[in-house]
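What follows is one structure encoded as structure tokens, with my remarks underneath.
The values are calculated or read from the model by the stated rules, or taken from the named source; none is laboratory data. What you are looking at is a predicted structure, and each value in this text was computed from that prediction instead of being measured. Cβ placement follows ideal geometry from the backbone for every residue including glycine, while neighbour counts extend to all protein chains displayed.
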């Protein structure tokens, strides 16, 4: 206990299982399996490594299209809730967070899918809410263009509110199962959604009760004003892409201020900053590993990926020149704001040329990269955590599973010795890991603005 009598604040760590690893060339390493992105056992192994180290959760991204350069690298391919059902069977404590889009799903089906994962895992599920801004996905669902940014977020807001209503449509005592009396469910304690709004109409209650944690944890990522408002209204944890300490602290403060305006308590939203780690026994060894990985990436791939993030033609990028001045947000403001802002911030802060920027990002897409020893990485994590820039980190090791093993065997013991990360799980649900309260049961009435 701290001198105030309260339990000390605990660091949160998730593993973002990006198929072969964060660096695009990870699949080319000697010990890597090129088919790992299709192998459930690959993800189970990652999850079991994370659970042995008492990490909070495994997180899976998702795409509804071939959104990367498949001729060079693996992509996010397996549907995440199905994959996490297999991971749930092979683990006992680790949280299970899957991404699903509000643009290309319906609330009832998605609520049922995540409630099922939550029940079969004993209350370990989380839903990462995304609105999906890429054109290939839009075209796969019969659209000629990506829906307008404001419309996507308005739909996501109503979607999330309706999903919560469905998850909470059973009161906790609704299930009776009384054989002698012949009473199975008390239908007076099961409440229909009875919703008809701008985007959705759902009449009935969910056909599943709540789990041990109430309902799945709501997670979100978004740097735009609309994204922050969505998080402030609904999210219980947020994945950020801040590149600097000051930017990260300002983001966390802004998010909590927005949440407070919606009647939520202080620090209602856990902020988990994206962090890529490249680890070596010495700093020089770690830098060599980074350079070897980056040198395995064709420059054509890196330039095309960077151009896609920035929303510019690849012809406007020159390896030994800085980024063009006054770059507008991609898609006239209708693209992915998070990675655009993070990448631009990194380039401007250091005055990087395009070549230097690609190397600093380890060929990746905008998340912060630390290259160093376990002690250096632990120092950086502790600095951000203890000084209020983040509540934890969404880890993206350079390669999987090796980069995760390097982190759990090298960095985690240092964090444990410093008393900021757990040595064992205190509970079994994702909410218990994150220190989140169980939401109230019973009918959650949709607010009038959705009508």
Region 227-262, residues that are more than 24 Å from residue 379 (Cβ to Cβ), over 19 Å from the mean Cα position of the chain (by Cα) and either touching a residue at least 60 places away in the same chain (Cβ under 8 Å) or not in a helix (DSSP H, G or I) (or both): 262
Condition (residue is part of a helix (DSSP H, G or I), within 28 Å of the chain's Cα centre (by Cα) and under 30 Å from residue 412 (Cβ atoms)) applied to region 321-338: is it met by at least one residue? yes
By residue number, the members of region 189-211 that are loosely packed, with under 14 Cβ neighbours inside 10 Å, touching a residue at least 24 places away in the same chain (Cβ under 8 Å) and part of a strand (DSSP E or B) are 196
Picking from 99, 81, which residue would you name as being under 25 Å from residue 307 (Cα atoms) and outside any loop (DSSP other than H, G, I, E, B)? 99
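Please state which one of 172, 186 is at pLDDT below 95, touching a strand residue (DSSP E or B) at 6+ places or on another chain (Cβ under 9 Å) and loosely packed, with under 15 Cβ neighbours inside 10 Å.
Just a single option satisfies the conditions, and that option is 172.
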Could you please find all residues in region 290-320 being under 26 Å from the mean Cα position of the chain (by Cα), in contact (Cβ under 8 Å) with a residue 60 or more places away in the chain and either over 29 Å from residue 373 (Cα atoms) or part of a helix (DSSP H, G or I) (or both)? 290, 293, 294, 301, 302, 304, 305
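Every residue, every condition in (1) outside any helix (DSSP H, G or I); (2) surrounded by fewer than 24 Cβ atoms within 10 Å (Cβ to Cβ); (3) in contact with a strand residue (DSSP E or B) (Cβ under 6 Å, 6 or more places away or on another chain), yes or no:
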{"residue": "371", "(1), (2), (3)": "yes, yes, yes"}
{"residue": "380", "(1), (2), (3)": "no, yes, yes"}
{"residue": "390", "(1), (2), (3)": "yes, no, yes"}
{"residue": "393", "(1), (2), (3)": "yes, no, yes"}
{"residue": "397", "(1), (2), (3)": "yes, no, yes"}
{"residue": "409", "(1), (2), (3)": "no, yes, no"}
{"residue": "420", "(1), (2), (3)": "yes, yes, no"}
crowded, with 19+ Cβ neighbours inside 10 Å, in contact (Cβ under 8 Å) with a residue 60 or more places away in the chain, out of contact with any helix residue (DSSP H, G or I) (no Cβ under 7 Å at 6 or more places or on another chain) and within 26 Å of residue 270 (Cα to Cα): is that true of residue 157 in this structure? no
Applying the selection to region 324-345, what residues are surrounded by fewer than 20 Cβ atoms within 10 Å (Cβ to Cβ) and either at pLDDT 90 or above or closer than 28 Å to residue 291 by Cβ (or both)? 324, 327, 341, 344, 345
Collect the residues in region 7-52 that are at pLDDT 95 or above, more than 18 Å from the chain's Cα centre (by Cα) and crowded, with 23+ Cβ neighbours inside 10 Å, keeping them in residue-number order. 25, 26
